[in-house]
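Undergrad: Here it is, the structure in full.
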Amino acid sequence: MQHQLRRAADSRSPLYLLASVGAGGLAVTFFMYLLFWSPHPGQPVPVFEDIVAAWSGAPPELAAAIAVALLGIAVFGVINLSLLASNLRRVAGFQRSGTGLALRTTNAEKQMMAMPLAIAMSLTVAFILGMVFVASLWSVVEYHRSRWLRAHWFNEHCMACTWVVGSIARLARPRGAAPI
């Protein structure tokens with residue numbers, strides 16, 4: 001009798017995307033530490049300039065803690081993005097395989113909901129990486145936000161927004177249901 005070894009990687013599952021979500025969650029956790037350790041007056045989150053100011057004027061213990069948080073954000077951010085890229089490639093192949101096609105016909109297809117979750121977490125991690133490691137990025141965000149508010153975009157496009165929301169509501173309504 002020949003015993004064949006099986007590895008987890010031999011049988012693919014969309015749930016492997018959750019490894020990317022976990023790494024992203026750890027990057028967000030280290031960023032949350034920076035929310036408390038670095039003062040950031042006038043803005044809701046600490047950015048590169050606030051972190052550098054907090055690090056340069058901090059006692060050695062706090063400076064070391066900030067350095068560990070920055071290292072954690074960088075390491076888990078890279079792990080998150082690399083796992084996402086790797087898993088998205090593998091999921092594409094999995095969906096074309098016999099196992100993937102069989103998955104679509106069962107309730108286990110709900111496992112594919114891990115993909116949008118992983119992509120959303122990676123988007124959050126990308127925002128955090130930008131805020132923490134790109135100097136003067138917040139000033140660009142504030143410039144565009146103030147331009148947008150001055151242009152009264154929402155008031156001018158309110159009818160379009162109402163039409164889009166109404167269309168989505170009509171599409172989501174079950175057949176035969178009363179109009180909204």
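The values are calculated or read from the model by the stated rules, or taken from the named source; none is laboratory data. All values reported here derive from a predicted model rather than from experimental measurement. A quick note on method: Cβ atoms are made from the backbone with ideal geometry, for glycine too, and the neighbour counts reach across all protein chains shown. Only protein heavy atoms, including side chains, enter the accessible area calculation; ligands, DNA and RNA are left aside. Shrake-Rupley method; radii C 1.70, N 1.55, O 1.52, S 1.80 Å.
Undergrad: Given a 1.4 Å probe and the protein chains all in place, what does the accessible area of W37 round to, in Å² to the nearest 10?
TA: About 90 Å², ignoring ligands and nucleic acids.
Undergrad: Modelling each spin label as a point 7 Å along the Cα-to-Cβ direction, I'd like the Q43/K110 distance in nm, to one decimal.
TA: Here the modelled spin labels are 4.1 nm apart.
Undergrad: What part of the accessible area of region 46-127, given as a whole %, is carbon or sulfur when the probe is 1.4 angstrom? Intermediate values should be presented prior to the final figure.
TA: Numbers: 3360 of 4670 Å².
The C+S portion of the solvent-accessible surface of region 46-127 is 72 percent.
Undergrad: Testing the spin-label approximation: label points 7 Å from Cα along Cα→Cβ at T99 and L123. State their distance in nm.
TA: A separation of 2.9 nm, rounded to one decimal place.
Undergrad: Just subtract the alpha-carbon distance of A58 and V134 from 0.36 nm times their residue separation and send over the number in nm, one decimal.
TA: Details: separation 76, 0.36 × 76 = 27.36 nm, distance 2.10 nm.
Length difference between fully extended and current span is 25.3 nm.
Undergrad: Ok, one more. Over region 24-133, average the accessible area per residue using a 1.4 Å probe and give it in Å², no decimals.
TA: Details: 6090 Å² over 110 residues.
Normalised by residue count, the accessible surface of region 24-133 is 55 Å².
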